[in-house]
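The values are calculated or read from the model by the stated rules, or taken from the named source; none is laboratory data. What you see is a predicted model, and the numbers here were worked out from it, not measured in a lab. Note: ideal-geometry Cβ built from the backbone for every residue, glycine included; neighbour counts use all protein chains shown.
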Amino acid sequence: MSALLPVYDRDLVIVSGKGSRVTDAEGRTYLDFAAGIGVNGLGYGDRKVVAAIRKQAGRLVHASNLYYSEPVLRLADRLSALAFPSKVFFSNSGTEAVEAAMKFARRIGGPAGRTEFVAFERAFHGRTMGALSMTWSEKYRAPFEPLIPGVRFCAWDDLAAAASAIGPRTAAVFVEPVQGEGGVRVAPRQFLQGLADLCRERGALLVSEEVQCGLGRTGRLFAYQHAGIRPDIVTLAKPLGGGLPLGAVLLKEELAGAIAVGDHGSTFGGNPVAAAASLVVLDRLTAPEFLPKVNAKATLLRRGLNLIARTYPAVKQVRSLGLMVGIELEAAALPVVKALREKGILVTRAGDNVVRLLPPLVVRRKEIRRLLRALDEVLATGCGAAPAPPPPPAAVVEGGSGGAAA
């Protein structure tokens with residue numbers, strides 16, 4: 001029995017990985033269409049990422065945020081140049097990035113009485129107390145209440161509801177351009193544009209929460225770019241550190257003057273080794289051919305899944321943007337997840353009945369075809385389909401045994 005606290009349901013011991021594949025302690029190799037829950041955007045064992053980690057670890061692992069380090073300075077400048085003129089705060093994780101964004105929004109809006117937040121149904125922003133307050137699912141929130149007050153949840157893709165919720169006390173509106181844990185739900189372009197307009201009109205900040213959907217996952221470097229908007233704050237994490245813990249908050253430059261020394265901090269946030277790895281990640285993501293290849297592979301995957309959806313009624317809907325995919329089933333997704341694992345493919349769920357695919361962005365076409373074949377075989381067994389309804393009760397025959405009704 002492991003000494004680890006049992007907050008995860010797990011039984012697989014991963015010992016190594018290369019490309020889109022991992023190997024367990026028993027020597028079995030799996031095709032990983034979860035990518036460490038979106039962390040391993042460049043797959044496992046990327047040569048340049050590993051070299052950057054080794055080189056920086058030999059120079060400086062940690063020097064504290066009381067001082068600058070060269071990789072962290074370079075990374076902040078690079079992110080600001082790629083997104084919009086901004087000041088950058090580094091954390092260790094996505095939920096910490098969300099916490100920081102919440103604090104910054106209150107610091108900016110607080111003098112005007114703006115202390116409340118707006119989030120959306122099915123939103124998932126993290127498990128720490130602040131981020132959990134904006135996470136929609138009752139099963140995550142209820143055991144830990146009372147949480148941060150002043151959070152209002154709106155219907156997804158409903159600008160009228162958002163208009164009713166965003167008021168003079170709203171510090172910020174947090175939205176995932178593509179909801180991850182909420183079932184891979186893509187925010188329509190008009191919805192994001194409408195939110196940006198509402199926030200601008202009413203003086204609230206718009207936060208594009210891209211911990212899972214950012215950094216190439218949707219086929220653009222930042223997911224908000226699909227809508228042609230510019231948010232006030234962007235939160236990033238998962239693939240940012242190339243597998244090492246790293247999150248970031250990008251705050252519009254014109255807003256940064258409200259944040260003073262001592263307003264926030266993180267002992268380990270912006271570690272030089274993680275920053276060195278991240279610079280390599282950004283180099284790869286911004287290479288001219290990289291994102292076009294991601295989009296081409298996304299098209300191949302989506303076409304194959306659409307064909308499967310037309311073949312099996314068990315598939316209610318396929319939702320995707322880039323290489324972020326949700327397959328909504330009639331019934332529970334867990335049996336499909338388990339059946340795919342038996343075939344050597346790792347996937348995750350996004351809710352009870354959605355199979356989520358987050359393959360490494362470097363996944364190969366032949367690996368996509370293997371996933372499609374395996375999913376077809378699993379669904380052909382009836383896995384994922386709703387159980388057949390029970391037969392209707394037998395008719396009651398009147399008039400005695402064997403007699404016919406009059």
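When the residues of the range 333-348 are filtered to those that are part of a helix (DSSP H, G or I) and among the hydrophobic types (A, V, I, L, M, F, W, C), which remaining residue is surrounded by the fewest Cβ atoms within 10 Å (Cβ to Cβ)?
The first filter runs over the range 333-348 and keeps only residues part of a helix (DSSP H, G or I), leaving 334-342.
Cutting the leftovers down to among the hydrophobic types (A, V, I, L, M, F, W, C) gives us 334, 336-337, 339-340.
On the way: 334: 15, 336: 23, 337: 20, 339: 18, 340: 22.
Only one residue tops the list, namely 334.
So, in the range 376-393, of the ones that are out of contact with any helix residue (DSSP H, G or I) (no Cβ under 6 Å at 6 or more places or on another chain) and buried (at least 16 other Cβ atoms within 10 Å of the Cβ), which residue ends up nearest to residue 325 (Cα to Cα)?
Among those that are out of contact with any helix residue (DSSP H, G or I) (no Cβ under 6 Å at 6 or more places or on another chain) and buried (at least 16 other Cβ atoms within 10 Å of the Cβ), it is 379.
For the range 7-43, which residues satisfy the criterion of being in contact (Cβ under 8 Å) with a residue 60 or more places away in the chain and not hydrophobic (A, V, I, L, M, F, W, C)?
The answer is 19, 20, 28, 29, 30, 32, 36, 38, 40, 41, 43.
Is there a residue in the range 37-44 that is at pLDDT 95 or above, buried (at least 17 other Cβ atoms within 10 Å of the Cβ), aliphatic (A, V, I, L, M) and in the same structural domain as residue 256 (by TED's automatic domain parsing)?
no
Being modelled with pLDDT of 95 or more and in contact with a Lys or Arg (Cβ under 8 Å, 6 or more places away or on another chain) narrows it down to one residue among 282, 255, 305, 301; which is it? I'd like the intermediate steps shown before the answer.
Details: 255 fails: in contact with a Lys or Arg (Cβ under 8 Å, 6 or more places away or on another chain); 305 fails: in contact with a Lys or Arg (Cβ under 8 Å, 6 or more places away or on another chain); 301 fails: in contact with a Lys or Arg (Cβ under 8 Å, 6 or more places away or on another chain).
Exactly one residue qualifies, and that residue is 282.
Which members of the range 17-40 meet the condition of being more than 20 Å from the chain's Cα centre (by Cα) and either of a type in the set (Phe, Trp, Tyr) or farther than 23 Å from residue 212 by Cα (or both)?
The answer is 23, 24, 25, 26, 27, 28, 29, 30.
Is there any pair linking a residue in the range 353-368 that is part of a helix (DSSP H, G or I) to one that is surrounded by 20 or more Cβ atoms within 10 Å (Cβ to Cβ), with Cβ under 7 Å and at least six apart or on different chains, and which?
365/297; 367/20; 367/31; 368/297; 368/301
Need the failing condition index for residue 158 against (1) out of contact with any Leu (no Cβ under 6 Å at 6 or more places or on another chain); (2) charged (D, E, K, R); (3) within 25 Å of residue 39 (Cα to Cα), just the number.
With (1) out of contact with any Leu (no Cβ under 6 Å at 6 or more places or on another chain); (2) charged (D, E, K, R); (3) within 25 Å of residue 39 (Cα to Cα) applied to residue 158, the lone miss is (3).
For the range 23-37, name all the residues that are among the aliphatic types (A, V, I, L, M) and closer than 14 Å to residue 342 by Cα.
Filtering the range 23-37 for residues among the aliphatic types (A, V, I, L, M) gives 25, 31, 34-35, 37.
Once the filter is applied, which keeps residues that are among the aliphatic types (A, V, I, L, M) and closer than 14 Å to residue 342 by Cα, the range 23-37 yields only 31.
Within the range 282-332, how many residues turn out to be assigned to a loop (DSSP other than H, G, I, E, B), of a type in the set (Ser, Thr, Tyr) and either under 19 Å from residue 179 (Cα atoms) or out of contact with any helix residue (DSSP H, G or I) (no Cβ under 6 Å at 6 or more places or on another chain) (or both)? Let's see the steps before the verdict.
Of all residues in the range 282-332, those assigned to a loop (DSSP other than H, G, I, E, B) come to 286-289, 312-314, 322-323, 330-332.
If we keep only those that are of a type in the set (Ser, Thr, Tyr) too, we end up with 286, 312.
When the remaining residues are screened for being either under 19 Å from residue 179 (Cα atoms) or out of contact with any helix residue (DSSP H, G or I) (no Cβ under 6 Å at 6 or more places or on another chain) (or both), the result is 286.
Total satisfying the criteria: 1.
Here is a check on your reading of the model: is residue 204 more than 23 Å from residue 302 (Cα to Cα), in contact with a Ser or Thr (Cβ under 6 Å, 6 or more places away or on another chain) and in the same structural domain as residue 99 (by TED's automatic domain parsing)? If you could, list the steps in order and put the result at the bottom.
Values: more than 23 Å from residue 302 (Cα to Cα): yes; in contact with a Ser or Thr (Cβ under 6 Å, 6 or more places away or on another chain): yes; in the same structural domain as residue 99 (by TED's automatic domain parsing): yes.
Here the answer is yes, as residue 204 does meet what is asked.
Would you tally the residues in the range 196-236 being closer than 17 Å to residue 109 by Cα and not aliphatic (A, V, I, L, M)?
Residues in the range 196-236 being closer than 17 Å to residue 109 by Cα and not aliphatic (A, V, I, L, M): 7 in total.
Can you go through 314, 309, 287 and tell me which one is of a type in the set (Gly, Ala, Ser) and in contact with a Gly (Cβ under 6 Å, 6 or more places away or on another chain)? Walk me through it before giving the result.
Details: 309 fails: in contact with a Gly (Cβ under 6 Å, 6 or more places away or on another chain); 287 fails: in contact with a Gly (Cβ under 6 Å, 6 or more places away or on another chain).
That would be 314, the only listed residue that is of a type in the set (Gly, Ala, Ser) and in contact with a Gly (Cβ under 6 Å, 6 or more places away or on another chain).
So, in the range 352-375, exactly how many residues are within 18 Å of residue 314 (Cα to Cα), surrounded by 19 or more Cβ atoms within 10 Å (Cβ to Cβ) and either charged (D, E, K, R) or within 18 Å of the chain's Cα centre (by Cα) (or both)? I'd like the intermediate steps shown before the answer.
Taking the range 352-375 as the starting set, the residues that turn out to be within 18 Å of residue 314 (Cα to Cα) are 352-357, 371-375.
Within this subset, residues satisfying the condition of being surrounded by 19 or more Cβ atoms within 10 Å (Cβ to Cβ) are 353-357, 371, 374-375.
Filter once more, so that each one left must be either charged (D, E, K, R) or within 18 Å of the chain's Cα centre (by Cα) (or both): 353-357.
Residues that pass the stated criteria total 5.
Is at least one residue of the range 258-265 more than 21 Å from residue 361 (Cα to Cα), under 20 Å from the mean Cα position of the chain (by Cα) and surrounded by fewer than 24 Cβ atoms within 10 Å (Cβ to Cβ)? Steps first, answer last, please.
We begin by selecting, within the range 258-265, every residue more than 21 Å from residue 361 (Cα to Cα); these are 258-265.
Those still in the list that are under 20 Å from the mean Cα position of the chain (by Cα) too: none.
Looking through the range 258-265, none of the residues is more than 21 Å from residue 361 (Cα to Cα), under 20 Å from the mean Cα position of the chain (by Cα) and surrounded by fewer than 24 Cβ atoms within 10 Å (Cβ to Cβ).
Restricting to the range 233-253, count the residues that are assigned to a strand (DSSP E or B) and either touching a Gly at 6+ places or on another chain (Cβ under 6 Å) or within 17 Å of residue 362 (Cβ to Cβ) (or both).
Let us first name the residues in the range 233-253 that are assigned to a strand (DSSP E or B), namely 233-236, 242, 244, 247-252.
Filter again for either touching a Gly at 6+ places or on another chain (Cβ under 6 Å) or within 17 Å of residue 362 (Cβ to Cβ) (or both), leaving 236, 242, 247.
Count: 3.
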